[in-house]
Each structure stands twice: as structure tokens, then as C-alpha cells.
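None of the figures in this text is laboratory data; all of them are computed from the coordinates on show. All values derive from a computational prediction rather than experimental measurement. In this analysis, Cβ positions are derived from the backbone assuming ideal geometry, glycine residues included, and neighbour counts consider all displayed protein chains.
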Amino acid sequence: MAEQKLGNPAVVGLAGFGLTTMVLQFHNVGWMGMGPVIWLGLIFGGLAQMIAGLQEMKTGNNFGYCAFTAYGCFWISLALLLIGNHYNLYTSSKTDVGWFLIAWTGFTAILWIGSMRVSNALATTFTLLLIGFVLLDLAHFGYPDLTVVAGYELMVCAALAWYVMAHIIFADLFGRDVLPVGKPWIG
Amino acid sequence: MKIKHFVGLIGLMICSGTMPVLAADADTATAEEVINKVRAAARFLHDKGFSGYAEINNRDSRWVWKDSYVFVYDCRKDRMIAHPLRPDLVGRPIMQITDNSGKFIFKELCKVGSEPHGGWVEYSWTKPGAGRLSRKASYAMTADVSFATGIQVGAGIYDENITLPELNKAIEKVFDPAKYPAL
């Protein structure tokens, strides 16, 4: 009996990560308000990415397991933090959000090193994500204009996450590697 | 005899029109009050983020007092964010707004508001309740809001006589109280 084909949870994880990161940057550069970021942050960047992350456990991929689950939680906590501010529930000031982002910067730095063992495209995605976090940290501590710089920089990061997603989906559909992700930085 | 003199003085004040002016002062915001209110609103937005805009848009909130009110605008996106007395302006571009002398009010406000301690701009604007143009001086300063840049908070006084040096002295008084010890 033929073994049932299983999907790769990373495609949903990368889709949710990329799309929600993208819309936050649409806000950061001033194209739109924060409403869509909050709801997408709860459902796609949050819930869907977190479930994808938890599904990674069974594939034996610790990097995907940790990254998708954690960034899913990042989006849920960021959305709830902003909703909490609206309802005066444990309100978070700009400084508080800054420290929240600094903690996530440290976490991202660890995964950035790990990503160098995966592929060129993923290592570049994490490099841009780490730079984006650092820019947002600085934007929260004295350099607010960097919010816009981080906005454009993280749009590239989100697009690259979609590239990796498309690499997996297209390879499956076309039966060959249409969008190569390149060799790992550390062999 | 002394009481007689006092009653006479009150009578003189009422007849000469001085008394109504003094009474009106209780309903007129001062320059220092405006600076303190704007600072408090900027702090409020730092603490509460963009969800604080709704409160500033509410005309029954603490941000509307005496004959003044706090307004919030985005210098980078060219938008009015919160204006408790002119909801029609909220969400609209601001940079093209001029007073009757052709002064671009918000271009000037954005310029002085980005100074470290903010600054004042004089222009003509309709005084709440008066229904006619008055000389207004508004104080503006930058508000530090999460995931945003270029947000400023302003509020103004309606005074035909106060000078710019007097207004700037009020900034110094609020930001550097050590220079002006209480007597």
C-alpha cells in the first residue's frame, strides 16, 4: 500500500509570517491603519502560523517547530497587546513595546544562526528579519524615523519568506525546483 | 470706612468694564496651561499608543477644557488624526490649510513641533463658541507613538495681545522651572 503524501507545514507558516509581516510594514510606512494588522496578526500570522509550527514537530524539523510556533505567538501577543491598550488591560507604553521587541531580537539572532544551515534564501530572510527587529528597537528608543526604514526593509524580508514558500509549493506542483533557494551559508 | 472703599472699587470695576474681563479669565486657557496639557497628551499617547486617539477625539474628555482643546495630527502622512471640535477635519489632509493671511498653519506647526521642547505658531482660527475668527497661538510638540513617526500634539490660546517672546518664556518656565523659582 502506497504511503499517504503529507503536506509541508512550512508553506502555511511562511505564508502567515510573510503576509502579516507585509501588512505591518504597509502600516509602518504610512499606507494603511493598524486594523488589518491586528486581525491578521491574530488569525494568519498568529493562529495559522502557530498551528503550522506545532505540525512541524511530527516532521522532525526542530528549526521550523520552534520558529513558526514562536513567531505565531509573537503575532498573537502583539495583537493582544494592542487590543489590551485599547481596553486599558495591562497597557503597554512605547517603551514597553520596545523592550518586547528587544527580547524578540535576541531570539531571532539565535534562529538567524540556525537558518545559515538551511538555505541561502532562508538565511537571507532571517538576516533581513534581524536587521528589521534592530531597526524597530531603535525606532522605539529615540529614532522614530527608523520605523519607515524598517518598514521597507521588512517588506523585502516578507517577500523573501513568500519566495521560500513558493519554492516548496512550485517544486511540488511542477515536479522540479522552479525557484531555487541556494546552498546553506554554513555547510 | 475700608469696606465702603472696597464696595466702591467693585462698583468702579463693573462700570469701567474691568470686572467682566477678570471673570472671563477663569474660562480662558493660559499659555502655560496649554503647554502642560499638550505635554500630558503626548505622554498619554506614548503610554497608550494609537488607541489613545479616540479619547482625544471625544469632546467630553479631559482634553477639552475652558476655551481650548488638544488636537493630534500626522506631519508625515499629512492627516488630521484627532480634533474634538472639528470631526469633519479628522482623516483629511492638513498641509494645505491656511488662515486668512495665507499662512500654512500645519506646515508651521510641524516645523516648530519637531523642536526639542516644541514651539508656538500664531494664526487666525475660529474660537469655540464665538463663531468668528480670533487670533490664536498654538503650541505643538512631537508625540512618541509606537509604530508611528511624525505624530504631533497641539493646543492653543485665543489672545489678541500676547507676544511670541512671552509665549516662548512660558515654554522655558514649564521646561526649566528652576530658572523661575516660586516667589
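Annotations
- Exposure proxy for A:THR105, B:THR149, A:THR125, B:THR98: other Cβ atoms within 10 Å of each Cβ, ordered fewest to most, give B:THR98, A:THR105, B:THR149, A:THR125.
- Computed over neighbours whose Cβ is under 14 Å from that of A:PHE63, the net charge equals 0, Lys and Arg +1, Asp and Glu -1.
- Cross-link reach is defined here as a Cα-Cα straight distance under 13 Å, omitting same-chain residues fewer than 8 places apart; for B:LYS103 the aspartates and glutamates meeting it are B:GLU122.
- The residues packed around A:PRO9, meaning those with a beta-carbon under 11 Å from its beta-carbon, carry a net charge of 0 if Lys and Arg are +1 and Asp and Glu are -1.
- Take every pair of alpha-carbon atoms less than 8 Å apart whose residues are at least six positions apart; their mean separation over the length of chain A yields a relative contact order of 25 percent.
- Adding -39500 (n - 2.57) for every DSSP H run of four residues or longer, then dividing by how many residues the protein assembly as shown holds, sets the calculated 222 nm ellipticity at -18000 deg cm²/dmol.
- For the pair A:VAL156 and A:ILE113, a Förster radius of 22 Å applied to the C-beta separation gives a FRET efficiency near 0.60, rounded to the nearest 0.05.
- The Cα atoms of the range B:94-183 cover 39, 39, 22 Å along the three principal axes, with the biggest extent listed first.
- Label positions at A:MET32 and B:ASN58, each projected 7 Å from the Cα along the C-beta direction, are separated by 2.9 nm.
- Partner chain coverage, peptide A:87-100 - average Cβ within 10 angstrom: 3
- A cut-off under 15 angstrom between Cβ atoms defines the neighbours of A:LYS183, and their net charge, with Lys, Arg +1 and Asp, Glu -1, is 0.
- If the Kirkwood radius is taken over C-alpha pairs of the protein assembly as shown, then at 10 °C and 1.306 mPa s the Stokes-Einstein diffusion coefficient equals 67 µm²/s.
- Here chain A has an Rg and Dmax of 16.8, 63 Å, counting Cα atoms alone.
- Nearest-0.05 FRET efficiency for A:PHE141 and B:LYS103, computed from C-beta distance (R0 41 Å): 0.70
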